[in-house]
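Chemist: Below is a structure I'd like to ask you about.
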Amino acid sequence: MSDNSTIGRRIAGGLKAESATTRKMLSRLEGADLSWRPHEKSMTLGRLAGHIVEMIGWTKMTLSTDELDFAASDYKPKVHAGVADIIVDFESAVASAVDALESISDEEILKSWTMRNGERVFFTIPKSSVIQGFVMNHVLHHRGQLSVYMRLLDIPVPSIYGPSADESV
């Protein structure tokens with residue numbers, strides 16, 4: 001690990017802490033119908049859980065590239081076979097993200113990164129901002145959605161930042 005990776009180590013610490021809660025939530029989905037959705041416009045439970053996993057996976061991709069061009073990508077979301085498959089991919093994505101964050105220099109993590117669709121540029125911001133804003137905040141947003149799905153399915157919601165109706169701290 002480089003002595004110059006203070007930004008990456010700080011973000012990795014936050015990712016590790018948030019991942020413990022996310023892991024608890026994902027593990028409680030066992031036995032749930034992953035094809036369930038609260039509304040026709042909503043993602044299925046399985047797709048939502050898978051999206052959380054793929055967003056964490058964006059960490060390594062962001063840190064090892066200078067841009068994402070949707071027009072040049074043939075990305076198709078993975079369809080997970082079940083909760084165990086989701087958790088395996090989650091653990092792998094977290095480990096890969098932490099490793100990438102802990103080994104990147106501050107100089108590299110502050111370099112610009114661009115999201116585009118061909119000629120249309122959505123944004124160009126430092127990689128650290130992509131990770132903190134577009135990856136971490138995005139994961140937390142969808143984790144909040146997951147807690148609502150869990151409540152609607154009567155799956156006990158773990159404490160997240162304090163007690164839940166189902167679990168004290």
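Chemist: When only residues in segment 107-134 that are touching a residue at least 24 places away in the same chain (Cβ under 8 Å), open to solvent by 70 Å² or more (accessible area, probe 1.4 Å) and of a type in the set (D, E, K, R) count, which is farthest from Ser64 (Cα to Cα)?
Modeler: Looking at residues that are touching a residue at least 24 places away in the same chain (Cβ under 8 Å), open to solvent by 70 Å² or more (accessible area, probe 1.4 Å) and of a type in the set (D, E, K, R), I get Glu107.
Chemist: Also, I was wondering about something else. Tell me the residue from Val169, Val79 that is in a loop (DSSP other than H, G, I, E, B), touching a Pro at 6+ places or on another chain (Cβ under 8 Å) and surrounded by fewer than 13 Cβ atoms within 10 Å (Cβ to Cβ), please.
Modeler: Val169
Chemist: Exactly one of (1) under 18 Å from the mean Cα position of the chain (by Cα); (2) more than 22 Å from Thr44 (Cα to Cα); (3) of a type outside the set (Val, Ile, Thr) is unmet by Asp89. Its number?
Modeler: Against the list (1) under 18 Å from the mean Cα position of the chain (by Cα); (2) more than 22 Å from Thr44 (Cα to Cα); (3) of a type outside the set (Val, Ile, Thr), Asp89 comes up short only on (2).
Chemist: Among the residues of segment 12-28, is any surrounded by fewer than 19 Cβ atoms within 10 Å (Cβ to Cβ) and among the polar types (S, T, N, Q)?
Modeler: Yes: segment 12-28 contains one or more residues that are surrounded by fewer than 19 Cβ atoms within 10 Å (Cβ to Cβ) and among the polar types (S, T, N, Q).
Chemist: Would you check which residues across segment 20-60 are in a helix (DSSP H, G or I) and among the aliphatic types (A, V, I, L, M) and list them?
Modeler: Once the filter is applied, which keeps residues that are in a helix (DSSP H, G or I) and among the aliphatic types (A, V, I, L, M), segment 20-60 yields Ala20, Met25, Leu26, Leu45, Leu48, Ala49, Ile52, Val53, Met55, Ile56.
Chemist: Regarding Ser42, is this residue more than 24 Å from Leu101 (Cα to Cα), without any contact (Cβ under 8 Å) to a residue 12 or more places away in the chain and either touching a Cys at 6+ places or on another chain (Cβ under 6 Å) or open to solvent by 70 Å² or more (accessible area, probe 1.4 Å) (or both)?
Modeler: No: the conditions fail for Ser42.
Chemist: Exactly one condition in (1) touching a Lys or Arg at 6+ places or on another chain (Cβ under 9 Å); (2) modelled with pLDDT of 95 or more is not met by Pro77; state its number.
Modeler: For Pro77, the exception is condition (2).
Chemist: State whether one or more residues within segment 56-63 are touching a residue at least 24 places away in the same chain (Cβ under 8 Å) and surrounded by fewer than 16 Cβ atoms within 10 Å (Cβ to Cβ).
Modeler: No; the residues of segment 56-63 include none that is touching a residue at least 24 places away in the same chain (Cβ under 8 Å) and surrounded by fewer than 16 Cβ atoms within 10 Å (Cβ to Cβ).
The values are calculated or read from the model by the stated rules, or taken from the named source; none is laboratory data. What you see is a predicted model, and the numbers here were worked out from it, not measured in a lab. Methodologically, a virtual Cβ is constructed for each residue, glycine included, from the backbone with ideal geometry; neighbour enumeration extends over all protein chains shown. Surface areas here come from the heavy atoms of the whole protein model, side chains and all, with no ligands, DNA or RNA. Shrake-Rupley method; radii C 1.70, N 1.55, O 1.52, S 1.80 Å.
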